[in-house]
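The structure appears right after this line, and notes come after that.
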């Protein structure tokens, strides 16, 4: 079983749509959670951290459910520029080591 | 503005060659990482370093070695390249404010081993 699992997609949605991705993690002792964004042929970049209470950054909302061991990312009012791969990232033990999911691909069409 | 640079964007090598991938960061970060990224497998950690001359094995260190002689530079070495090392290699760095510190990535090196 993978440590961090994501639906690879692609999720193909029209502009303006709301889309949500989930990610599950296997280690219940995991400490920190993040979403990174990776554009085609580019490097990953931090999109947002995920806090226990949930957090919002503009059109993006991240949620953590420790009991069920999943995190989610909600994107409202999708833009063409949101097309990318979204990587779910977990830190298991407060070390410097991050565990990356293989990513969920989002395509936003006009 | 934070910056992580890698020596090459694209590299083609032959089986058995020794390959050096260089990474330089200008953020005075203590931690540096080497990953490889393959379709369907995500990013997998090869090695990381939390200080000059210090190194730790990641999840897939076999066939690789690293060198960190200066704080800003972290090198990945393929002693004898093999075709299964064809991949995208990504370097990253982070500071020391704890596990939640953001990792900043370089643009990647796409290595093809023939």
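This table checks each residue for (1) within 11 Å of another protein chain (Cβ to nearest Cβ); (2) touching a strand residue (DSSP E or B) at 6+ places or on another chain (Cβ under 7 Å).
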site	(1), (2)
B:17	no, no
B:23	no, yes
B:34	no, yes
B:38	yes, yes
B:49	yes, yes
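What are the residues in the range A:16-35 that are assigned to a strand (DSSP E or B), under 23 Å from residue A:77 (Cβ atoms) and more than 10 Å from chain B (Cβ to nearest Cβ), if any?
A:19, A:20, A:21, A:22, A:23, A:35 - these are the residues of the range A:16-35 that are assigned to a strand (DSSP E or B), under 23 Å from residue A:77 (Cβ atoms) and more than 10 Å from chain B (Cβ to nearest Cβ).
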Discussion item. Given the criterion at pLDDT below 95 and exposed (fewer than 15 other Cβ atoms within 10 Å of the Cβ), identify the matching residue among B:58, B:40.
Written reply: B:40
Item to complete: Would you point out which residue out of B:78, B:90 is at the interface with chain A (Cβ under 9 Å from one of its Cβ atoms), crowded, with 16+ Cβ neighbours inside 10 Å, within 22 Å of residue B:9 (Cβ to Cβ) and under 12 Å from the mean Cα position of the chain (by Cα)?
Response: B:90
Item to complete: State which residue pairs qualify: first residue within 17 Å of residue B:18 (Cα to Cα) and inside the range B:78-97, second residue in a helix (DSSP H, G or I) in any location, beta carbons under 9 Å apart, and separation of 6 or more residues or different chains.
Response: B:78/B:85
Worksheet, complete the sentence: Condition set within 20 Å of residue B:101 (Cβ to Cβ) and not in a strand (DSSP E or B), scope the range A:36-63, selection farthest from the other protein chains (Cβ to nearest Cβ): answer is A:52
Worksheet item: Right, residue B:103: within 24 Å of residue A:2 (Cα to Cα) and modelled with pLDDT under 95 or not?
Response: yes
Item to complete: Output the residues belonging to the range A:33-59 that are under 21 Å from residue B:35 (Cα atoms) and under 13 Å from the mean Cα position of the chain (by Cα).
Response: A:33, A:34, A:35, A:36, A:37, A:38, A:44, A:45, A:46, A:47, A:48, A:49
Discussion item. Quick check on residue A:84: is it in contact (Cβ under 8 Å) with a residue 40 or more places away in the chain and over 27 Å from residue B:91 (Cβ atoms)?
Written reply: no
Worksheet item: For the range A:5-16, what are the residues that are surrounded by 15 or more Cβ atoms within 10 Å (Cβ to Cβ) and more than 12 Å from the chain's Cα centre (by Cα)?
Response: A:9, A:11, A:13
Fill in: Counted residues, the range A:1-25 - those being in contact with a strand residue (DSSP E or B) (Cβ under 8 Å, 6 or more places away or on another chain) and over 21 Å from residue A:40 (Cβ atoms)
8
Discussion item. Suppose the filter is away from every other protein chain (no Cβ under 13 Å) and either at pLDDT below 95 or within 26 Å of residue B:94 (Cβ to Cβ) (or both); does residue A:66 pass it?
Written reply: yes
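The values are calculated or read from the model by the stated rules, or taken from the named source; none is laboratory data. Just so it is clear, the model here is predicted, and its values are computed rather than measured. Neighbour counts run over all protein chains shown; Cβ positions are idealised from the backbone, glycine included.
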